[in-house]
Amino acid sequence: MAGTICLTFHFDAVSLYPGMFGVTSPSTASRGEFGARVGVPRILKVLRREGVPATFFTPGLTVDTFPEICKEIRGDGHEFAHHGYRHVSPVPMTEAEEREELLRGIDAMERHLDGYRPYGYCSPASDLSPNSIRLLREEGFVYDATMCADDFSPYWCRENDELGVDGSIRFGTTVPLVSLPFSWTLDDFPQMEFVLGGSLTIEGLNDPKKCEAMWLADMEFMAEEVEDGVFVMCFHPQVIGRGARLRVVENMIRKARELGFEFSTCLDAATTWKSKNPFPES
């Protein structure tokens, strides 16, 4: 069965730690700096050698802080997609605050990347507010890569889902925004990283080979069972770019080619899926 692999890199850099974990120490910041100084250059070297396009979900703060390496990423033709401005969850934000966060992220890319406009979005912490999907549509986005209602098949997003604390569930209205499925099981950060934060602790540090075996098993499942599947792998430069972990990326590229998959940016994958699955107009 034909399929598509989207290698995505969440280029959070330093923004992750004060934004998500509430940690501001210099030593913690240096872990994010590693992603910009070491991780991304190593990743770009692999992508160039293999001729593989990728998507970099990047907070606006990362673009403002490390504009030169972002220009290098864009110079190689990779997609930039929106990942908030400060890498904070939109869930507690007001509608006005969330819109401002979106606009600040867009502005950072436009200022530093010669007017580049992102059309894809993945929420920091992979969580959405009741306003998120509508705001993405209003701002002209093509796809969201945050939700998990499928594993390897894109689908149309919905607006106005309501889940009550009493257990009530009401699904909202399907809208013309593509959902590229996300899964924490295809994310390197909870598997490999160790963080002691103010409100959240992650005890990762799993063997990269264990993670690689898990991810390749899902890739093989998609090859065998899912027609025109889209496999969205979530890496972080400060995680996967450290030492021998980078070999995981190389081995996944090699295996994907053995299985006959094509590599694509998320935007191209979403656009291709839209062309084959026109939105059902009422």
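The values are calculated or read from the model by the stated rules, or taken from the named source; none is laboratory data. Quick caveat, the model's predicted, so the values are computed rather than measured. Quick reminder, even Gly has a Cβ in these numbers, built from the backbone with ideal geometry, and neighbours come from all protein chains shown. Remember, those area values only see protein heavy atoms, side chains included, never the ligands or the DNA or RNA. Shrake-Rupley method; radii C 1.70, N 1.55, O 1.52, S 1.80 Å.
Of the residues examined, Gln191 is one that is in a helix (DSSP H, G or I) and open to solvent by 20 Å² or more (accessible area, probe 1.4 Å).
Might you let me know whether segment 59-69 holds any residue that is in contact (Cβ under 8 Å) with a residue 60 or more places away in the chain and in contact with a Ser or Thr (Cβ under 7 Å, 6 or more places away or on another chain)?
Initial filter on segment 59-69 (in contact (Cβ under 8 Å) with a residue 60 or more places away in the chain): 59.
Then drop every residue that is not in contact with a Ser or Thr (Cβ under 7 Å, 6 or more places away or on another chain), which leaves 59.
Checked against the condition, which is being in contact (Cβ under 8 Å) with a residue 60 or more places away in the chain and in contact with a Ser or Thr (Cβ under 7 Å, 6 or more places away or on another chain), segment 59-69 yields at least one hit.
Listed conditions (1) of a type in the set (S, T, N, Q); (2) buried (at least 18 other Cβ atoms within 10 Å of the Cβ); (3) farther than 22 Å from Arg137 by Cα are all met by Thr55, apart from (3).
May I ask you to verify whether Phe141 is open to solvent by less than 40 Å² (accessible area, probe 1.4 Å), under 26 Å from Ala2 (Cα atoms), touching a residue at least 40 places away in the same chain (Cβ under 8 Å) and not in a strand (DSSP E or B)? Write out each step before concluding.
Values: open to solvent by less than 40 Å² (accessible area, probe 1.4 Å): yes; under 26 Å from Ala2 (Cα atoms): no; touching a residue at least 40 places away in the same chain (Cβ under 8 Å): yes; not in a strand (DSSP E or B): yes.
Answer is no for this residue.
None of Arg247, Arg254, Arg242 is among the basic types (Lys, Arg), more than 16 Å from the chain's Cα centre (by Cα) and surrounded by 16 or more Cβ atoms within 10 Å (Cβ to Cβ) except Arg242. Within segment 67-89, the only residue that satisfies the criterion of being in a loop (DSSP other than H, G, I, E, B), over 11 Å from Ser15 (Cα atoms) and either hydrophobic (A, V, I, L, M, F, W, C) or modelled with pLDDT under 95 (or both) is Ser89.
When the test is whether a residue is in contact (Cβ under 8 Å) with a residue 40 or more places away in the chain, farther than 18 Å from Ala54 by Cβ, out of contact with any Leu (no Cβ under 8 Å at 6 or more places or on another chain) and outside any helix (DSSP H, G or I), Val165 does not pass it.
Can you confirm whether Thr8 is open to solvent by 30 Å² or more (accessible area, probe 1.4 Å) and outside any helix (DSSP H, G or I)? Outline the logic, then answer.
Details: open to solvent by 30 Å² or more (accessible area, probe 1.4 Å): no; outside any helix (DSSP H, G or I): yes.
No.
Across segment 171-185, a minimum of one residue is classified as out of contact with any helix residue (DSSP H, G or I) (no Cβ under 6 Å at 6 or more places or on another chain), under 21 Å from His10 (Cβ atoms), open to solvent by less than 10 Å² (accessible area, probe 1.4 Å) and not β-branched (Val, Ile, Thr).
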